[in-house]
Amino acid sequence: MLDLLYSPNAWISLATLMVLEVVLGIDNIIFLSLAANKLDAPRRPTARRIGLSLALILRIIFLSSIAWIISLSKPIVTVWGIDFSWKDIVFFAGGLFLLVTSVSISACNTVAGAGKDVSGAGKAVTNTADDAKKN
């Protein structure tokens with residue numbers, strides 16, 4: 001266990017996790033501030049405290065469950081000579097979910113905009129290019 005203190009990979013993983021936690025924490029604060037602003041003024045601080053507390057508790061639960069899932073590395077099924085563990089199945093299902101979700105969102109944006117860029121990114125690039133031509 002003390003070997004982790006001397007492992008560069010462990011320190012890089014820790015730094016990466018810390019950066020992700022800071023980014024997600026800032027995201028939580030922004031979302032909770034926007035959601036709490038819909039309440040009347042006396043209830044806003046309580047709503048923010050409850051929201052941040054629940055976000056912290058859920059993040060700890062999710063990180064613990066990820067650590068548990070990673071420990072499930074014992075093969076449970078073999079398909080065509082390849083062993084699959086619960087970890088492999090959960091990661092595959094998560095990746096498949098992300099792939100299907102991103103494709104369906106892209107398809108909806110394309111259909112909704114009839115082939116136009118509905119995200120606004122195209123307009124920003126065009127405006128920037130027009131500004132560059134003026135200078």
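Could you tell me whether LYS74 is modelled with pLDDT of 85 or more and either among the acidic types (Asp, Glu) or loosely packed, with under 10 Cβ neighbours inside 10 Å (or both)? Against the criterion (modelled with pLDDT of 85 or more and either among the acidic types (Asp, Glu) or loosely packed, with under 10 Cβ neighbours inside 10 Å (or both)), LYS74 does not qualify. For beta carbons closer than 6 Å, sequence separation of 6+ or different chains, a first residue in segment 4-31 that is closer than 19 Å to LEU56 by Cβ and a second that is open to solvent by less than 80 Å² (accessible area, probe 1.4 Å) and assigned to a helix (DSSP H, G or I), the qualifying pairs are ASN28/ALA55. Looking at THR110, THR46, THR16, just one residue is under 17 Å from the mean Cα position of the chain (by Cα) and surrounded by 10 or more Cβ atoms within 10 Å (Cβ to Cβ), and that residue is THR16. Looking across ASP40, ASP83, ASP27, one residue alone is loosely packed, with under 11 Cβ neighbours inside 10 Å and either touching an Asp or Glu at 6+ places or on another chain (Cβ under 9 Å) or of a type outside the set (Gly, Ala, Ser) (or both). It is ASP40.
Among all residues of segment 121-135, there is at least one that is assigned to a helix (DSSP H, G or I), at pLDDT below 85, open to solvent by 70 Å² or more (accessible area, probe 1.4 Å) and acidic (Asp, Glu).
Listed by first and then second residue, the pairs with beta-carbon distance under 9 Å, at least 6 apart or on different chains, first residue in segment 86-109 and under 21 Å from SER73 (Cβ atoms), second in a helix (DSSP H, G or I) and modelled with pLDDT under 90, are TRP86/ILE69; LYS87/ILE69; LYS87/ILE70; VAL90/ILE69; PHE91/ILE69.
Of all residues in segment 32-49, which are in contact (Cβ under 8 Å) with a residue 12 or more places away in the chain and farther than 30 Å from ALA67 by Cβ? Of everything in segment 32-49, those that are in contact (Cβ under 8 Å) with a residue 12 or more places away in the chain and farther than 30 Å from ALA67 by Cβ turn out to be SER33, ALA36, ALA47.
How many residues does segment 1-13 contain that are of a type in the set (A, V, I, L, M) and open to solvent by less than 90 Å² (accessible area, probe 1.4 Å)? Qualifying residue count, segment 1-13: 1.
Within segment 80-120, the set of residues being among the aliphatic types (A, V, I, L, M) and modelled with pLDDT under 85 comprises ILE82, ILE105, ALA107, VAL111, ALA112, ALA114, VAL118.
The values are calculated or read from the model by the stated rules, or taken from the named source; none is laboratory data. All values derive from a computational prediction rather than experimental measurement. Heads up, the Cβs are rebuilt from the backbone with ideal geometry, glycines too, and the neighbour counts pull from every protein chain shown. Just the protein is used for accessible areas: all its heavy atoms, side chains included, with ligands, DNA and RNA removed. Shrake-Rupley method; radii C 1.70, N 1.55, O 1.52, S 1.80 Å.
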